[in-house]
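One structure below.
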Amino acid sequence: MGSLNEYVRKRRFARTPEPEGKKRTRGAEKGSRTRGAEKGPQRVFVVQKHRATALHYDFRLESAGVLRSWAVPKGPSLDPSVKRLAMQVEDHPLDYLSFEGVIPAGEYGGGTVMVWDIGTWEPDEPGDPERSFKAGRIRFALRGKKLKGSWALVRTRGRQWLLMKSRDRSASTDEVTLTKARSVLTRRLMAGIARDAGGDVEKAASADP
Ligand code: MN
């Protein structure tokens, strides 16, 4: 299992509405949710648009009982010729999957969070994707509402990785972060999420197209 120690250490759960760092064992870990032996377990992924000190997109893939996480400053690109910097950050609990709202100013990551995309993912190679993460190179398929098809994450050094779209039918030059800017859970823009939770609407709105 991944470790949530860093996640818990960075947050004060009496002040932030984020989920506490409880580890959960999903069916995927036990292989009980397999859809036919050849398909393998379903793993979830989420991309959260986060207007903290700076705007970024948190890209999270379920593995080893946690959400392995990367902060992508410019967000994912559907264009295979574009490589996006992805800084690996602390593992997040699986409960983080549906977190949308406002982290109070002054708390870690203070600002507005939107569930920008959600769905399932699977590694291109059979076996435990943890081996690929450790090796710093993984190819995988996304089945989200906005992001689909084949992708790759490649480590360059330390916590620094590159997120890249692979060439396939779902590749495009569409600037998906601009053309599909709304929450996949609530259809709200960043400003709407901030307004509903009593956050900084002006700061959040600066991240809307
Ligand atoms: Mn973030």
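Computed from the coordinates by the stated procedures, all read-outs in this text should not be read as laboratory data. As the structure is a computational prediction, the values presented were derived from the model and not from experiment. Neighbour counts are summed over all protein chains in view; Cβ atoms, including those assigned to glycine, are modelled from backbone coordinates with ideal geometry.
Which entries of Lys83/Lys203; Lys134/Lys180; Lys23/Lys74; Lys22/Lys180; Lys74/Lys146; Lys10/Lys148 show an alpha-carbon separation above 22 angstrom in the structure shown?
Values: Lys83/Lys203 27 Å; Lys134/Lys180 32 Å; Lys23/Lys74 30 Å; Lys22/Lys180 32 Å; Lys74/Lys146 16 Å; Lys10/Lys148 32 Å.
Result: Lys83/Lys203; Lys134/Lys180; Lys23/Lys74; Lys22/Lys180; Lys10/Lys148 exceed 22 Å.
Relative to the present Cα-Cα distance, how much length would full extension add between Glu6 and Ala105 at 0.36 nm per residue of separation? Each step should come with its number before you reach the end.
Numbers: separation 99, 0.36 × 99 = 35.64 nm, distance 2.00 nm.
Contour length minus the Cα-Cα distance gives 33.6 nm.
Consider a paramagnetic label point 7 Å from the Cα of Lys145 along Cα→Cβ; state which residues of region 173-189 have an amide N under 13 Å from it.
Inside the label zone: 180-189.
Under 12 Å from the Cβ of Pro129, count the other residues' Cβ atoms, weight Lys and Arg +1, Asp and Glu -1, and hand me the total.
Values: positive: Arg43, Arg68, Arg131, Lys134, Arg137, Arg139; negative: Glu62, Glu122, Asp124, Glu125, Asp128, Glu130.
Taking every Cβ under 12 Å from that of Pro129, the sum is 0.
Counting only other residues whose beta carbon sits under 9 Å from that of Leu162, what net charge do I get with K and R as +1, D and E as -1? All intermediate terms of the calculation are to be shown ahead of the outcome.
Working: positive: Lys83, Arg84, Arg155; negative: none.
It works out to a net charge of +3.
Taking just the alpha carbons, could you work out the radius of gyration and Dmax for the chain, both in angstroms?
Rg then Dmax for the chain, in Å: 16.5, 50.
Tell me, what HN-Hα J-couplings in whole Hz come from the Karplus equation 6.51 cos²θ - 1.76 cosθ + 1.60 at θ = phi - 60° for each residue of region 107-117, using x for Gly and Pro?
With coefficients 6.51, -1.76 and 1.60, one gets 8, 4, x, x, x, 8, 10, 10, 7, 7, 8 Hz.
Using helices alone, I'd like the mean residue ellipticity at 222 nm for the chain: each DSSP H run of four-plus residues gives -39500 (n - 2.57), total over residue count, nearest 500. The partial results should precede the final answer.
Numbers: 6 runs with 32 residues, N = 209.
It lands at -3000 deg cm²/dmol.
Students often check this: by mean Cβ neighbours within 10 Å, which of 178-187, 191-200 ranks highest, and how do the rest follow? Walk me through the numbers before you get to the answer.
Details: 178-187: 14.4, 191-200: 18.8.
Result, highest mean first: 191-200, 178-187.
Near Tyr108, within a Cβ-to-Cβ distance under 15 Å, what is the net charge of the other residues, with Lys and Arg +1 and Asp and Glu -1? Can you show the working numbers first?
Working: positive: Arg9, Lys10, Arg11, Arg12, Arg15, Arg51; negative: Glu6, Glu18, Glu20, Asp58, Glu90, Asp91, Glu107.
Residues close to Tyr108 contribute a combined charge of -1.
Roughly how far apart, in whole Å, are the Cα centres of region 41-57 and region 161-209?
Distance between centres, Cα-based: 10 Å.
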